[in-house]
Amino acid sequence: MKRVYVNEEWCLGCHLCEYWCVFSASKETHFPFAFDGGAKPPAGIRVEDYKGINFAVNCRHCEDPLCLKGCISGALSRDESGAVCVDKTKCVGCHTCIAMCPYGAIVSGGDNMPIKKCQLCASRDHVPQCVAHCPNNAIVFEEE
Amino acid sequence: MIDYIQPDYEVVRNKDLCIKCKVCVRQCANEVHQYDEKRDVLYADNSKCVNCHRCVTLCPAKALKIVKTDHCFKPSANYTTEIIKDIYRQADTGGVLLSSMGTPKDYPVYWDKMLINASQVTNPSIDPLREPMEIKTFLGRKPETVKYREDGSIEVEKFPNLELKTPIMFSAMSYGSISKNAHLSLARAAEQLGIFYNTGEGGLHEDLYKYSLNTIVQVASGRFGVHEDYLNAGQAIEIKIGQGAKPGIGGHLPGKKIGPEVSRTRMIPMGTDAISPAPHHDIYSIEDLRQLVFSLKEATNYKKPIIVKIAAVHNIAAIASGIARSGADIIAIDGIRGGTGAAPSRIRDNVGMPIELALAAVDTRLRDEGIRNNVGLVVAGSIRSSADVVKAIALGADAVYIGTPALLALGCHLCRSCHAGKCNWGIATQNPELVRRLNPDIGYKRLVNLVNAWSHEIMEMMGGMGINSIEALRGNRLMLRGIGLSEKELEILGIKHAGE
Ligand code: SF4
Ligand code: SF4
Ligand code: SF4
Ligand code: SF4
């Protein structure tokens, strides 16, 4: 399946991918409306900055996803593209998946609230917005 | 000390749109944008802004624009804002004013005062999509005569020539003045396009030897990075005598741009200023030039054409005639509007002449003297579009060099601050954090797109004239007409006025 891969050599640490991720999840059509004037923490992708090295980390949509195995309410499943997605109506916010994921790719939505994670922009025609707006090809969406 | 100089530009942030993502703060290497944590506000120090548009382009909310300040002096057509500020600047520092890229001064652009012909009724135009159209160009000395052997076969003396798929090359920009990623983008694009890029005078980074088939290596007065392998790494060797943006003076790459890799490539110690002397200290006459031309030929087994690059100056026709007799295979001429990584402002803005006049004068002179076939003629110094290329070829050039358009394709926004070494687009800088901003995978494709687009347009224009080979356009000045030019200008350009 196609996944988001990083080319850390080209990552600028600009964090644009994070903001496009927030926008994507917001379902808004006008970019600034997703933020209402202030930045919001991203759910699907996170840029690590360490001593001049930057790279973006996001869900690997693992072959054998531990999050999915651990989920107590059946809220996690794979969609037709292979992306591991969350059904917000089923998620009870127990955070088991957060503890299970070896990549730290799942973000809490608050106590007893549905978790947030990368769903490969299923709601945006499966065009990952982080990749589409990365200025330097530092993340790509391709087959392994 | 009082600072007399107020900012030229102002950063305007639309607070309704800004999402406080701080991308602008992270991306401006000039540290214009600041974020105050306590007050949760973004603010800008306009005095540091060079108007490079990096923040504007990357702002995801499209919340930014840079405007020219309307803060003003009392208007004067004589003591303009620029003149007043330059005087303040020099009174502050006591130094020579430096600037970069091509002169912004309002000298006539003759390309825009020439019109191209097209066929109507009496001669057919050609559709380049349906009929063959040849823009392949050979650069170098051409044989004068063809001999028939007894058996009827022909014998021609062959000279080393460069073969270009389209009459456009990337002009010399040294590694040091531009980044390795910029060089890599140029080299890869040249390879894909079947043309050449030029190393400039900074030597050749070891990672770029693999693009040898599309490389021109330059030898300039500083002789940086010149050794046998380097000379043999290119398909042609260019002796740089002068550059359009700074005729008569050498170059100066500040020590802070000489990091480990540039130092190794240039073969000079780290952190030392790289100073190219104004003249080549072994060239004081055409005879001396001839010696260098032939030493380089000797070093490369007479297999490579030698280019001599000069700036367009008053006596250009006579100088070119001398070069054409020196054994050089190609003359490259660079006009006053040509770019540079750093030049004294007064020289850039006042010395030299427009390339159009120089080209016409040189081509006419070489033809009159019957030595035009001795050399290929390449022109540079603000070739901005395919129309400029067509006009240059019709005036007599074999090919053109493009520098500024190539950098624009790579993201340059012509902020003309290259000499500061903090190029926000990763082009004119050696700071690894900034160099990383230019990914050659993206850069080379943009260059290929640009040159391909121009090539298509060149073919369209040739087709319109009913010409199907670039050879038939070369020096075909009947295809050009002047518009709004004086008798003298028309005479020098060797063209008629529109309507004639
Ligand atoms: S948008 Fe691209 S370059 Fe910027 S931080 Fe994300 S991955 Fe890195
Ligand atoms: S959330 Fe973690 S465990 Fe689940 S698919 Fe993504 S990377 Fe794998
Ligand atoms: S990049 Fe644009 S949206 Fe982000 S903080 Fe700067 S002005 Fe605001
Ligand atoms: S210098 Fe460039 S990036 Fe910095 S504020 Fe000015 S335009 Fe924006």
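The values are calculated or read from the model by the stated rules, or taken from the named source; none is laboratory data. Since the structure is predicted, the reported quantities are computational estimates derived from the model, not experimental observations. FYI the Cβ positions are ideal-geometry reconstructions off the backbone, even for glycines, and counts take in every protein chain you see. Accessible surface areas use protein heavy atoms only, side chains included; no ligands, DNA or RNA. Shrake-Rupley method; radii C 1.70, N 1.55, O 1.52, S 1.80 Å.
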Unpartnered cysteines of chain B (Cβ-Cβ under 4.7 Å counts as a partner)? B:CYS18, B:CYS21, B:CYS28, B:CYS49, B:CYS59, B:CYS72, B:CYS412, B:CYS418, B:CYS423
In degrees, nearest ten, helix B:355-368 long axis to first principal axis of chain B (Cα): 10 degrees
Partner aspartates and glutamates whose C-alpha sits under 14 Å from that of B:LYS22, ignoring same-chain residues fewer than 8 away, are A:GLU18, B:GLU31, B:ASP36, B:GLU37, B:ASP40
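Could you compute how fast chain B diffuses translationally, taking Rh as the Kirkwood radius over C-alpha pairs and applying Stokes-Einstein at 25 °C with viscosity 0.890 mPa s? Give it in µm² per second.
My calculation gives 102 µm²/s for D.
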Residue by residue through the stretch B:86-92, the couplings from Karplus 6.51 cos²θ - 1.76 cosθ + 1.60 with θ = phi - 60°, in Hz, x for Gly and Pro, are 4, 5, 4, 4, 6, 5, 5
If you take every DSSP beta bridge fully contained in the stretch B:299-432, what fraction is antiparallel? Give it as a percent rounded to 5. 0 percent
Which lysines have a Cα less than 21 Å from the Cα of B:LYS210, not counting those fewer than 8 places away in the same chain? B:LYS165, B:LYS180, B:LYS303, B:LYS304, B:LYS445
Between B:MET270 and A:GLU144, what FRET efficiency comes out of the Förster formula 1/(1 + (r/R0)^6) with R0 = 51 Å and r the beta carbon distance, rounded to 0.05? 0.80
In whole angstrom, how far apart do the alpha carbon centroids of the stretch B:226-266 and the stretch B:381-455 sit? 18 Å
Could you compute Rg(Cα) / (2.2 N^0.38 Å) for the stretch B:127-178, with N its residue count? 1.81
May I ask you to order B:425-432, B:115-122, B:229-236 by the average number of other C-beta atoms within 10 Å around their residues, highest value first? B:425-432, B:229-236, B:115-122
Of A:SER26, A:PRO65, A:ILE53, farthest towards positive along the dipole that unit charges on Lys, Arg, Asp, Glu beta carbons give the stretch A:2-137: A:PRO65
Excluding residues on the same chain fewer than 8 positions from A:LYS69, give the aspartates and glutamates whose Cα lies under 20 Å from its Cα. A:ASP79, A:GLU80, A:ASP87
Report, to the nearest 10°, how far helix B:286-299 tilts away from the longest principal axis of the Cα atoms in chain B, using its own Cα long axis and a range of 0 to 90°. 90 degrees
Through the Karplus equation 6.51 cos²θ - 1.76 cosθ + 1.60, θ set to phi - 60°, convert the phi angles of the stretch B:463-469 into ³J(HN,Hα) values in whole Hz; use x for Gly and Pro. x, x, 7, x, 10, 10, 9
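To the nearest 0.05, what FRET efficiency results for B:VAL25 and B:ARG89 with a Förster distance of 35 Å applied to their C-beta separation?
Numbers: r = 28 Å, r/R0 = 0.80.
Approximately 0.80, to the nearest 0.05.
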For the table A:LYS40/A:LYS90; B:LYS246/B:LYS488; B:LYS20/B:LYS68; A:LYS90/B:LYS38; B:LYS65/B:LYS422, the rows whose alpha-carbon distance is greater than 29 Å are A:LYS90/B:LYS38
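Quick one: accessible area per residue over the stretch A:2-137, 1.4 Å probe, rounded to a whole number of Å²? Show your work: numbers first, answer last.
Details: 6840 Å² over 136 residues.
Spelled out: the 1.4 Å probe surface of the stretch A:2-137, per residue, equals 50 Å².
Can you give the calculated 222 nm mean residue ellipticity of the protein assembly as shown, where each DSSP H run of n ≥ 4 adds -39,500 (n - 2.57) and the sum is split over every residue, rounded to the nearest 500 deg cm²/dmol? Kindly include the intermediate steps, with their values, before the conclusion.
On the way: 20 runs with 176 residues, N = 644.
Value at 222 nm, helices only: -7500 deg cm²/dmol.
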Antiparallel DSSP beta bridges within the protein assembly as shown, as percent of all bridges there, nearest 5: 55 percent
Cα centroid of the stretch B:304-359 to Cα centroid of the stretch B:12-33, whole Å: 43 Å
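Explain nothing, just the number: dipole magnitude of the stretch B:377-500 about its Cα centre with +1 on each Lys and Arg Cβ and -1 on each Asp and Glu Cβ, in debye rounded to the nearest 20. The partial results should precede the final answer.
Working: 13 positive and 11 negative charges, 89 e Å.
In debye, rounded to 20, the stretch B:377-500 gives about 420.
What's the carbon and sulfur percent of the protein assembly as shown's accessible surface, probe 1.4 angstrom, rounded to a whole number? All intermediate terms of the calculation are to be shown ahead of the outcome.
Numbers: 15810 of 30050 Å².
On the protein assembly as shown, the fraction of accessible area on carbon and sulfur atoms equals 53 percent.
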Over chain B, relative contact order from alpha-carbon pairs under 8 Å, at least 6 apart, %: 19 percent
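Order B:159-168, A:31-40, B:129-138 from most to least packed using the mean count of other Cβ atoms within 10 Å.
Values: B:159-168: 20.0, A:31-40: 16.0, B:129-138: 14.2.
Top to bottom by mean Cβ count within 10 Å: B:159-168, A:31-40, B:129-138.
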Label B:ARG130 and B:VAL96 with points 7 Å out from Cα along Cα→Cβ: what is the distance between them in nm? 5.9 nm
On each of the three principal axes the extent of the alpha-carbon atoms of the protein assembly as shown, given in whole Å and largest first, is 93, 74, 59
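What is the ratio of the Cα radius of gyration of the stretch B:169-306 to 2.2 N^0.38 Å, with N the residue count, to two decimals? Present the calculation step by step, with values, prior to reporting the outcome.
Numbers: Rg = 14.3 Å, N = 138, 2.2 N^0.38 = 14.3 Å.
Ratio of Cα Rg to 2.2 N^0.38 Å: 1.00.
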Label point at A:VAL57 placed 7 Å out along Cα→Cβ; residues across the stretch A:94-128 whose backbone nitrogen lies under 12 Å: A:101-107
Sequence order, the stretch B:419-431: Karplus ³J(HN,Hα) from phi using 6.51 cos²θ - 1.76 cosθ + 1.60, θ = phi - 60°, Hz rounded, Gly and Pro as x, gives 5, 7, x, 10, 4, 5, 9, x, 9, 8, 7, 10, 6
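For the stretch B:9-95, what value does the Rg/Rh ratio take when both radii are computed over Cα atoms and Rh is the Kirkwood radius, given to two decimals? Write down the numbers at each step before the final one.
Details: Rg = 15.9 Å, Rh = 14.8 Å.
Radius of gyration relative to Kirkwood radius: 1.08.
Quick one: net charge of A:ALA56's neighbours, Cβ under 12 Å, K/R +1, D/E -1? Could the numbers behind the result be given before it?
Values: positive: A:ARG46; negative: A:GLU8, A:GLU18, A:GLU48, A:ASP49.
Every neighbour counted, the sum reads -3.
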What is the log10 of I(q)/I(0) for the stretch A:2-137, computed with the Debye formula using one identical point scatterer on each Cα and no solvent, at q = 0.10, 0.21 Å⁻¹? -0.32, -1.35
Take the alpha-carbon centre of the stretch A:1-69, take the same for the stretch B:463-484, and report the distance between them in whole Å. 54 Å
